[in-house]
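What follows is a short report on a single structure.
Every read-out reported here was derived from the displayed coordinates using simple, explicitly stated rules and does not represent laboratory data. None of the values given here were measured: they were computed from a predicted structure. A quick note on method: Cβ atoms are made from the backbone with ideal geometry, for glycine too, and the neighbour counts reach across all protein chains shown.
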Amino acid sequence: MIEIAAGLALCLLALSLAAAVVRGLSTASAFVYGASALLCLVLAIVGIWMLVTQAAEAEMRIPVGLPWLGAHLRLDALSAVFLTLLGVGGAAASIYAIGYGQHEHEPHRVLPFYPGFLGAMTLVLLAADAFTFLLSWEIMSLLSWALVLTNHRADETRSAGYLYLVMAGFGTMVLLLAFGLMAGAEGGYDFAAMREVERSPLLAALVLALMMVGAGSKAGLLPLHVWLPAAHPAAPSHVSALMSGVMTKVALYGFIRVVFDLLGPVEWWMSVPVIVTGAMTAVMGILFANVDSDSKRVLAYSTIENIGVIFVALGLALAFRSNGMEALAALALMAGLIHAMNHMLFKSLLFMAAGAVLNATGRRDLDGLGGLIHRMPKTAVLALIGVTAIAALPPLNGFVSEWLLFQAVLQSPKLSQPGLQFLVPAAGGLLALAAALAAACFVRFYGVIFLGRPRTDAAREAVETDRWSLTAMGGLAGLCIMAGVLPGGLIDLVAPATEMLLAARLPAQANNDWFTLVPVAEVRSSYSGFLVLLFIAISGGASAWLVHRFASRKLRRAPAWDCGFPNADPVTQYGAGSFAQPIRRVMALMLDANETVVMPPPGDMTPARHTIRTKDLAWSRIYVPLIAAINTAATRLNALQFLTIRRYLSLVFGALILLLTGLAIWN
Amino acid sequence: MELISNLILQGVQMILVLALAPGLTGLVRKVKARLMRKQGAPVLQPYRDLARLMRKEVVLATNASWLFRTSPYMIFAATWVAAALVPTFATGLQFSWTSDLIALVALLGSARFFLALAGMDAGTSFGGIGSSREMMIGTLAEPAMLLVVFTVALVAGSTQLSNVVVYMASGEVGIRVSMGMALIALIIVAVAENARIPVDNPGTHLEVTMVHEAMVLEYSGRHLAMIELAASLKLLLYMSLIGCIFLPWSIAPASAGPSAMLFGFASFFAKLVAGGVLLAVFEISTAKMRVFRVPDFLGVALMLGLLGTLLLFVSRSL
């Protein structure tokens, strides 16, 4: 199995080189995306096969890289879960891109990097030593950076690309430090050697903190998320889908691999920062999604929210594990893994829908769209499934993982530390707030784009997207429904990963009656998405039939009533800004929102202006001062560039004395 | 045998909630009118309204899509399924394990989601104002509701409603501060979710002050009937939820005989009447709030829910 997976990764990397050669041909795009889709599908099959057969983990060593180390690869249950995620997400994005790529202006800017990006992510998931891991991680970052810069002529893209590069470099540096600390004095960079090392609690805490910064910056954890809402939307839509749906999960994989697998036991208090950061990230992410008015940026902010939710689950798992409650830790970890899987499905679907809308209208601003349910009926149906799933509504899949997480939160009285006992329900409350805000956010997203009347000519004349794109979106929508209605199958599939990491798993769900989910015990809680869907379908269908059969089926079209004052101008509809107004006011403190109304003096015919400004608090409170400090320091240090030779020599001499003194004291 | 009796119970319950829901709405209206020294429409008026609306033709806005036409049935179905899973007069419901309290809250969330989308569909300003305000109220009411669920689940050790009811009725519970807080929080949430005064005014004709009514402004005929029925069902659901968690003693256990069932039924009826009268008294004794006061009102529920949960961690007996 491992040979096949490694081979697929290398094939994807090789495909990048091939794409660089054939990029000029007219069929290049179909060839590259088609081949990527096939390779990804095989990758998904490898992952699922590995999980279903519960095959033993396999290792291999390729004699490349550092001479004494080589490149270690390893395929175990955790890798297999994320390989499945990558395979499904990659295949869907590639199939979508076969259609979407036809509209691309400069395909040669995307094609050479796209398969390599997928291949590098595969290698990250397979890596079994720090060197291979970091190298693949860096290739993944650089290739995704190149993909972000596809539309490099826009100023906004260039600044997003620069920010991404800085943050990615910073993240990798922190990861390097984390692995250095893990390797210890002997320098065992092999993961197998790292597992053996005994660490002091303080060192383990330091590694965990570094992983939160390093992997968290890639995943979009507060306050390191600032690059994400700029970079993810700037890329072409299928790449956005990959970055949000899959690459953030690869970052999560890095965190889980190190913290749950390599690091060994951790103290309970180390779960506190993970839970707190996760809960804050979830709420702040979705708040920003609620007030942003760019369709793809809304989705990127919602990615931040979902990453926060997953981190709360991981923090809970850490808390339970440190208390020796492996079964409950498995429940929390399962909630996190299932949510990662679900988020890949619906976020990719929504980015693709936003891409289809972008293609059809050329617009990403919500206020330039509207009424697309009439012009793009199929995309509208698929996007509706996506928004219902992401808003965590039963019976779709987003609710399943949210429900599992709440079940884990409700087990918190069993924790023995009062600190955690108080923290976890509060985090649960914040999660509930995030879920409710997500519903508001996606009513706005869907309502402004697809419902109502078109606000511009571009929206009025939009046409339905191509068949390839619809196929990819349809597949993802189908999986969203499947994972929501038959969640037991997905849970049993992922269970080997929790078994490997925690030596515990949820009870097998496959044989429960009516596909019911019973995570702990039936007297405690159960949920059957299948029956909920069945009941809603039966009672909805029966009531509709009865009403049409025995009451009235007459229908007349007429202008909208609107309390007697309908206005023909579509601008009078509720738009992105007006829909967000109540939440913006209620949460003004957290959003740093500012509204100003400029009224012209009486008699002046100029229109009044209403401007809304919301700021990302992390940016204005942390990054702006930081950048200013760096600039000031750099300006000060600039003077050192223009010294006389005598001064340089004395500087060197002084430095030497200082270091020698330091060495003397050290010894 | 048990399966059949449970299935019958489930069926009776589904028909019962549907049959009683408009009556409850009518009762609240009648009591309110009487308290204001008006004659008021008969209690049965909502049934007549529904029948009349069902017979009328639908006038559909030119721009309305299929979503607008199917939403009423989806909203009704989700609310009905939720209402059918709350024990009213007996606990032995065949499908009570289908969804627990958390899923119940989320089912009502689904209904709200589609109602808000339908409000956006016709492309009018009133629909949008209703939708955006409803979602704002929802973002605060839903977490408060979930914190209440947490409190109840921590006391009863289950999120499964039938088990909660059995535990609450068992007398092990006693009087607890946390449950008192949960009760107040749940009542506040119920008032907000059902668009009652002081959050929203169901009887007003001034559109600017409305939330729920603004959202459904474009609906007519059978579609409006389905939505009104769903709204009545939701009111009944919250009343039976409060009844079955906080006053569970008269609910017949799973294997009870006909007399216990009849008693359970009679007491359920009495609970509804008492709840309806109390709601009417509460409504006429307060004034409607400004929309941006509502967050403060719901914030109280949120804080009480959180306090109730945290108190249980201080001491299991509080």
| field | FRET efficiency, 1/(1 + (r/R0)^6) with R0 25 Å, evaluated for B:Ser259 and B:Leu7 via beta carbons | value | 0.75
| query | With a Cα-only, solvent-free Debye model of the stretch A:2-532, what are the log10 I(q)/I(0) values at q = 0.06, 0.08, 0.11 Å⁻¹? | reply | -0.25, -0.45, -0.89
| note | Here the gain from full extension of B:Arg55 to B:Val281, 0.36 nm per residue of separation minus their alpha-carbon distance, amounts to 78.0 nm
| note | Between the residues A:Val213, A:Ser136, A:Val239, the Cα farthest towards the positive end of the dipole of chain A, that dipole coming from +1 and -1 charges on the beta-carbon of Lys, Arg, Asp and Glu, is from A:Val239
| request: Report the calculated FRET efficiency for A:Leu640 and A:Ala30 (r = Cβ-Cβ distance, R0 = 51 Å), to the nearest 0.05. | output: 0.35
| query | Between A:Leu10 and B:Val314, what is the spin-label point distance in nm, taking each point 7 Å from the Cα along the Cα→C-beta axis? | reply | 6.5 nm
| Computed FRET value (nearest 0.05) for A:Val52 with A:Ser200, which takes r as the C-beta separation and R₀ as 41 Å | 0.55
| task | Using only Cα atoms, find the angle between the long axis of helix B:258-284 and the longest principal axis of chain B, and express it within 0 to 90 degrees, rounded to the nearest 10. | result | 50 degrees
| said: Using only Cα atoms and rounding to the nearest 10 degrees, what angle (0 to 90) does helix B:294-314 make with the longest principal axis of chain B? | reply: 10 degrees
| With charges only on Cβ, +1 for K and R and -1 for D and E, what is the dipole size of the protein assembly as shown about its Cα centre, in debye, rounded to 20? | 2500 debye
| With the radius of gyration and the Kirkwood radius both derived from the Cα set of the stretch A:134-178, what is their ratio Rg to Rh? | 1.05
| remark: Share of Cα-Cα pairs in the stretch A:29-170 beyond 25 Å, whole percent, is 37 percent
| query | In Å, what is the Rg of the alpha-carbon atoms in the stretch B:6-49, and how long is Dmax? | reply | 13.8, 45
| remark: Expressed in Å to one decimal, the Kirkwood Rh of the stretch A:364-439 from all distinct alpha-carbon pairs is 14.8 Å
| field | the stretch A:2-532 - charge dipole about Cα centre, Lys and Arg +1 at Cβ, Asp and Glu -1, debye rounded to 20 | value | 960 debye
| request: For the protein assembly as shown, build the charge dipole from Cβ charges (+1 Lys, Arg; -1 Asp, Glu) around the Cα centre, then report which of A:Ile286, A:Leu640, A:Ala408 sits farthest towards its positive end. | output: A:Ile286
| Viscosity 1.002 mPa s, temperature 20 °C, Stokes-Einstein D of the protein assembly as shown from Kirkwood C-alpha radius, µm²/s | 72 µm²/s
| field | Between 0 and 90°, nearest 10: helix B:45-55 axis offset from chain B longest Cα axis | value | 50 degrees
| query | Counting every Cα pair in the stretch A:584-667, what percent are over 15 Å apart? | reply | 78 percent
| field | Potential lengthening between A:Val571 and A:Arg460 on full extension [0.36 nm per residue; Cα-Cα distance subtracted] | value | 38.6 nm
| remark: Expressed in angstrom, Rg and Dmax over the Cα atoms of the stretch B:2-314 are 19.1, 59
| message | Counting only helical runs of four or more DSSP H residues, what would the 222 nm mean residue ellipticity of chain B come to if each run contributes -39,500 (n - 2.57) and the total is spread over all its residues? | response | -24000 deg cm²/dmol
| request: Could you let me know the centre-to-centre spacing of the stretch A:471-544 and the stretch B:17-36, using Cα atoms, in angstrom? | output: 39 Å
| Separation of the A:Thr632 and B:Ile184 label points, Cα + 7 Å toward Cβ, nm | 4.9 nm
| said: Quick check on chain A: helices-only [θ] at 222 nm, where DSSP H runs of length 4 and up contribute -39,500 (n - 2.57) each and the sum goes over total residues. Nearest 500, please. | reply: -22000 deg cm²/dmol
| remark: Magnitude of the Cβ-charge dipole (Lys and Arg +1, Asp and Glu -1) of the stretch A:508-667 about the Cα centre, nearest 20 debye, reported as 240 debye
| request: Would you mind putting A:604-610, A:52-58, B:31-37 in packing order, based on average other-beta-carbon counts within 10 Å, highest first? | output: B:31-37, A:52-58, A:604-610
| message | Modelling each spin label as a point 7 Å along the Cα-to-Cβ direction, I'd like the A:Ile622/A:His548 distance in nm, to one decimal. | response | 5.4 nm
| message | Which order do the peptides A:166-174, A:640-648 come out in when sorted by mean C-beta neighbours inside 10 angstrom, highest first? | response | A:166-174, A:640-648
| message | If you average the alpha carbon positions of the stretch B:218-239 and of the stretch A:561-614, how far apart do those two centres end up, in angstrom? | response | 31 Å
| message | Give me the three principal axis extents of the stretch A:617-666 from the C-alpha atoms, as integers in angstrom, largest value leading. | response | 45, 33, 7
| message | Regarding the stretch B:163-258, what's the average projected area of the Cα-atom convex hull, expressed in nm²? | response | 8.8 nm²
| Most positive-pole-ward Cα, B:Val216, B:Leu16, B:Pro46, against dipole of chain B from beta carbon charges | B:Pro46
| When you look at the Cβ of every residue in B:219-229, what mean number of other chain Cβ atoms sits within 10 Å? | 3
| Peptide A:424-430, shielding by other chains (average Cβ, 10 Å cutoff) | 5
